[in-house]
1. Per residue, how many Å² of accessible area does the chain show with a 1.4 Å probe?
2. Hey, what number do you get for the chain at 222 nm if only DSSP H runs of n ≥ 4 count, each worth -39500 (n - 2.57), divided across all residues, to the nearest 500?
3. With r defined as the distance between the Cβ atoms of S87 and I5 and R0 fixed at 25 Å, what FRET efficiency is calculated, to the nearest 0.05?
4. Among L82, A21, P110, whose Cα lies farthest out toward the positive end of the dipole of the chain, if unit charges sit on the beta carbon of Lys, Arg (+1) and Asp, Glu (-1)?
5. State, as an integer percentage, the relative contact order of the stretch 74-119 based on alpha-carbon contacts under 8 Å between residues 6 or more apart.
6. Please identify every one of the trypsin sites (Lys or Arg not before Pro) in the stretch 91-150 that sits in a loop by DSSP and has no more than 15 other beta carbons within 10 Å of its own beta carbon.
7. Loop by DSSP (not H, G, I, E, B), at most 14 other beta-carbon atoms within 10 Å: where is the longest site-free stretch of the chain for GluC sites (Glu not before Pro)?
8. Computed over the Cα atoms of the stretch 59-150, what is the convex hull's projected area averaged over all directions, in nm²?
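The values are calculated or read from the model by the stated rules, or taken from the named source; none is laboratory data. Fair warning: this is a prediction, and the values are worked out from it, not measured in the lab. Please note: Cβ atoms are built from the backbone with ideal geometry, for glycine as well, and neighbour counts cover all protein chains shown. With ligands, DNA and RNA removed, areas are computed over all heavy atoms of the protein, side chains included. Shrake-Rupley method; radii C 1.70, N 1.55, O 1.52, S 1.80 Å.
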Amino acid sequence: MRAKITYFLTAAVLVVYFVLAGHRGVLLIEQGTALTVAFGISVLVLPLIGLWFLWQTTRFARSADRLAAELEAEGGLPVDELVRTPSGRIDRDSADAVFTRRRAEAEETPEDWRVWFRLAVAYHDARDTPRARKAMQRAIALHDHKPVRA
């Protein structure tokens, strides 16, 4: 729950920033000189890119949460079997062992979104965020019956 609150607060701050930056862009365009119009357009592009990125991230998070809820209802969420250090961090060797099993499951049944979801969790536990995101995107695409990009 704390992560969701942090996400929404960060998103709200970003939206306020995008509005302020967009307003500055409009003010620059209203000046009417070639230089200020060019700067104004440049300033307007940045909030648009930011809003697009925020939208994509929000869609991804909502889709992943939807899959997690469905998997939880089926009783298929991965069990936390990881060894932790006294400080609470995940032991790297333990995460690697679980990851190896999850990767083998994904190789055996590559069209099952559930194994890709569990593989994404294993990647995350092994601190490989880019691959965790790609595995979760694949799980979402398989679940929603969309074409999967290799």
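1. Numbers: 10490 Å² over 150 residues.
Value returned for the chain: 70 Å² of accessible area per residue.
2. Working: 5 runs with 116 residues, N = 150.
Calculated mean residue ellipticity at 222 nm is -27000 deg cm²/dmol.
3. On the way: r = 24 Å, r/R0 = 0.95.
About 0.55, to the nearest 0.05.
4. A21
5. Working: 27 pairs, mean separation 13.9, N = 46.
30 percent.
6. Working: sites: R92, R101, R102, R103, R114, R118, R127, R131, R133, K134, R138, R149; in loops: R127, R149.
Here the sparse-neighbourhood loop sites are R127, R149.
7. Numbers: sites that count: E81, E111.
After excluding every exposed loop site, the longest remaining stretch is 1-80.
8. Numbers: hull surface 24.7 nm².
Result: 6.2 nm².
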